[in-house]
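Written out below as structure tokens is the structure these notes cover.
The values are calculated or read from the model by the stated rules, or taken from the named source; none is laboratory data. Note that the coordinates shown come from a computational prediction; the quantities given were computed from them, not determined experimentally. Cβ placement follows ideal geometry from the backbone for every residue including glycine, while neighbour counts extend to all protein chains displayed. Note: accessible area is taken over every heavy atom of the protein model, side chains too, but ligands, DNA and RNA are not part of it. Shrake-Rupley method; radii C 1.70, N 1.55, O 1.52, S 1.80 Å.
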Amino acid sequence: QAIGARRPDAREARLLGVSRTATLLTMDRVAYDPEGRPIEQGNHAYLADRYAFRVTLGPH
């Protein structure tokens, strides 16, 4: 999982109703089952002033 921040592109700014100078929190994630097969993939962008991430990591 990778968490970051960036400015929205024109399409994202329009869809989110924000300016191109807004800050988005981003999260790219791939989750795997116990056998190592990918079971979830996501690329997300959130308005930074409306979200916070809480991450709990389990044992390997």
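Rolling a 1.4 Å probe over the heavy atoms of the protein chains gives the chain an accessible area of 82 Å² per residue. Each peptide in 16-27, 36-47 receives the mean, over its residues, of other Cβ atoms within 10 Å, and ordering these scores from highest gives 16-27, 36-47.
Mean residue ellipticity at 222 nm, helices only, the chain: -3000 deg cm²/dmol; runs of at least 4 DSSP H residues each add -39,500 (n - 2.57), and the sum is divided by the number of residues. Length available on full extension from residue 39 to residue 16: 0.36 nm per residue minus the Cα-Cα distance, which gives 5.5 nm.
Computed over the Cα atoms of the chain, pair by distinct pair, the Kirkwood hydrodynamic radius stands at 13.1 angstrom. Applying 0.36 nm per residue to the separation of residue 57 and residue 26 and subtracting their alpha-carbon distance, the gain on full extension is 9.3 nm.
Neighbours of residue 3 by Cβ distance under 15 Å: Lys/Arg scored +1, Asp/Glu scored -1, total +2.
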